[in-house]
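The values are calculated or read from the model by the stated rules, or taken from the named source; none is laboratory data. The shown structure was predicted, so the numbers you read here are calculated from the model rather than taken from an experiment. Every residue, glycine as well, gets a Cβ built from its backbone with ideal geometry; the counts of neighbours run over all protein chains shown.
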Amino acid sequence: MNWWQLVKRELYLMFRKDFRRVNFIFGASLAYLIIFGLLYGTHVITNVPLVIYDEDQTQLSRSLVQCFADSERFEIVAQPSSQEEMEYYLHEQTAYAAVHIPHDFASHVTSDKSSPVLLIASGINLAVTNTITTYTQEILAAFNQHVSTKLLEAAGVPETLASHKSAPITFAIRVLNNPTLSYLNFFVIGLAMAAFQQGIFLAVGASILYEYRNRDELAAIHPVKVMTAKMLPYFILASLSFFVTLYASIRLFDIPCKGTLLDLFFLSETFVLTAIGFSSLVASLCHSEITFTKLSLTYSIPAFTLSGYIWPLASMDAFSQTIAYIFPLFYLSDALRDLLLGGYSPELTRNITVLLVLGLVLTCLATWLYTKRRHTVNTSDPTGTVTA
Amino acid sequence: MLTLLAQEARAVLRNKGAALLILFGIPIVYTVLFGFLYSANVVKNIPLVVFDQDQTSTSRTLVQAFADSERYSIIAQVTTQYDLDECMKNKNAMAALVIPENFSRDIKLSHATTVLMETNATNLMFANNVVSTSQEIVQTVSAAIGQRLVEGLNLPPAQALKIAAPVRLSVRVTSNPTASYSNFVLPGLALNGVQLAIFLVSCTLLTSEYSLLARRRDVSAASILLAKLIPCWIVSVLSFLVCIGLSGSLFGVPFRGSLVQLVLISGAFNFAIASLGLFISAAAPNVLSAMQNTAIYIMSAFLCCGYSWPIFAMNTAGKAYSVILPLTYAAIPIRDILLAAYTPELAKNTLILLAIGASFFGLAIAVFSLRRKKMPAEVEEGLA
């Protein structure tokens, strides 16, 4: 068989005999993109259920309640009339936060005594807790400034001067790269890439294990030629799948893409090479496709969690950092998000180099193993197929 | 039935204990691995670059407030906007504090002055922290300076403070007061490990059974399936309890609730997943394909079940998907039991999980019986 015949044979196996492989390569990343694109479609957490126990029931306390009602971050689900009732709502998780305005709230404020407002936030879900504390602080700061200005005006300070005396420093925040703090932009592309990796693993694993089961078909051909011709279609299709996923993320979910095509190309190609090499090597060590699939699924969760994509590398302990450096996804996902959202990744050259070296080493090892084992290994029933 | 059970219990130990290794190994490895990963508990020492264009004692007070916070680590004080941009671009810093020229003078003259905080929001773990903590720090400093300014109006210090900050906010965070990430995420990841392990084992439980039909032709389908299910279920519940023990003893995740409630909900959940796997094993003509195709459902469950992204924040599609995930009814109640000692709707969630489990188990029996009947005698003998 010449090169073209080998490639044609692999394409026949992929598209005609075992279409699963094409499904894995294109389907996995697109399925995850759509599932999580829809899941994080709201981008940020809004309408956190809140109860407000306004013990004071004055104009001032009601204006504070109104501030919470006006915020899209909160949804006031009830206004309890006792401490017990307020705690009941929290206990039953009807509300995730409670604000208690004490009975002498307005009188303390007008008599120049500071008045405490209590916020009780559920710490069960930190994404919600963070939203509650951040936006309550913001609402209270604005309210404080307003009240303080009024108090100074009452003390005879002119209006313009009063506002600057009560809050001499105003605070502005500029959020770079993801200005709306969107969870969709933050999360989804990394999850799609985790599935993309999984898709490559399952497709390439199926292909390699097929050769071990049908050893006679290519027995006379040089193993380097076999491996190269086999992996080439996967390399091309996986690259295509990467850009299709990227295009879908931009078109369907408005994820920005500020990076250059060249940067994205080099990063994705080196990653695809590494993923193919890695899966070929692991598949060569497995005795059946079921075992390979189990290993692959087990690997996928730590590979994503430890890739530094969510929990930053700097906050990991030395043990976790060491493991993170081993996973190929570590070199793809964070840099890819930087490229998409910021247009630039400081670690791009390092990551591409590491992925290239890793990819070449793993592919060579997989080829070497195939050379050694293709005449000796017996694989068990590959699919668990039953006749009925 | 007892003989069958004993046979199936021994089967868990077959193949060098492969099933046992999966059922205990995956959840325990996940718990330990992720326990170490999140051992810092909160994101601290966010690299901060300071561009202080004022260089006065007032501006240094603000810089010092950031330096004193354990959330930030000042990595550089730059003198030009270009240097600041470079620090941010190269991710040497994830946040930048910009204090304008004449900051101190403008405060004294009661002119408006604005402090700018920049943050790189590609990773929201940093950005969310920066948005909440920097606001808090600046407000505290602003209130202190405001107090001094009001004192300048011939008001006594105590009264000046109350005028500058008339409403005090006290924050009480319940259940997880230190906002520990381990407490938040570790129980769910352990349960997710258990789910994956059960799925991988139960999906192949009937593969050998179909090839050995002649052996148990006279035994009812329900008995065979029950004997298959029980060892897997018992081992998985034990495995989960070991994980919870490890997360408490090694990583300090509290266990404030009742063990009975924990066993109840995790038992119901494990039954649901084992039955789902058993159904796939009974129905799929090709176990491998079935396992690979249903993997999307299993692997996406953790993020879609409302554990990290709350259900109330999801759109309709997300909510609809979360409803059909067994993990939705177990993960949050388990975290509630551990952290808050109480979970609302425990009975309802347990019943839903039992109903899911019973439905899949019933379907598995029906499909297994049907396929067994249809299997021709010669195939049966040949396979046997």
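Computed values, structure above
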read-out	value
Subset of the range B:167-209 [at the interface with another protein chain (Cβ under 8 Å from one of its Cβ atoms) and in contact with an Asp or Glu (Cβ under 9 Å, 6 or more places away or on another chain)]	B:Ser175, B:Thr207
Meets criteria (within 12 Å of chain A (Cβ to nearest Cβ) and touching a residue at least 40 places away in the same chain (Cβ under 8 Å)) for B:Phe255	no
Residue match in the range B:68-84 (condition: facing chain A (nearest Cβ under 8 Å) and over 18 Å from B:Val131 (Cβ atoms))	no
Top-ranked residue of the range A:19-50 - restricted to ones that are among the polar types (S, T, N, Q) and outside any loop (DSSP other than H, G, I, E, B), ranked as surrounded by the most Cβ atoms within 10 Å (Cβ to Cβ)	A:Ser29
Among (1) more than 8 Å from chain A (Cβ to nearest Cβ); (2) within 17 Å of the chain's Cα centre (by Cα); (3) more than 26 Å from A:Phe196 (Cα to Cα) - the single one B:Leu363 does not satisfy	(2)
Wholly enclosed helices (runs of 4 or more DSSP H) of the range B:292-384 bearing at least 1 residues in contact with a Lys or Arg (Cβ under 7 Å, 6 or more places away or on another chain) and either among the aromatic types (Phe, Trp, Tyr) or closer than 24 Å to B:Ser182 by Cβ (or both)	B:331-340
Condition broken by A:Ala78, with the remaining ones in (1) buried (at least 21 other Cβ atoms within 10 Å of the Cβ); (2) of a type in the set (Gly, Ala, Ser); (3) within 22 Å of B:Glu345 (Cα to Cα); (4) in contact (Cβ under 8 Å) with a residue 12 or more places away in the chain satisfied	(1)
Candidates B:Val50, B:Val130 - the one that is more than 7 Å from every other protein chain (Cβ to nearest Cβ), touching a residue at least 60 places away in the same chain (Cβ under 8 Å) and either closer than 23 Å to A:Pro179 by Cβ or assigned to a strand (DSSP E or B) (or both)	B:Val130
Count of residues meeting criterion [touching a strand residue (DSSP E or B) at 6+ places or on another chain (Cβ under 9 Å) and either more than 8 Å from chain B (Cβ to nearest Cβ) or crowded, with 22+ Cβ neighbours inside 10 Å (or both)] in the range A:155-197	5
Residue match in the range B:159-166 (condition: at the interface with chain A (Cβ under 7 Å from one of its Cβ atoms), within 20 Å of the chain's Cα centre (by Cα) and surrounded by fewer than 20 Cβ atoms within 10 Å (Cβ to Cβ))	no
Qualifying residue in the range A:307-315 (condition: surrounded by 21 or more Cβ atoms within 10 Å (Cβ to Cβ), at pLDDT 95 or above and more than 9 Å from every other protein chain (Cβ to nearest Cβ))	no
Residue within the range B:139-151 that is assigned to a strand (DSSP E or B), closer than 29 Å to A:Leu181 by Cβ and at pLDDT 85 or above present	no
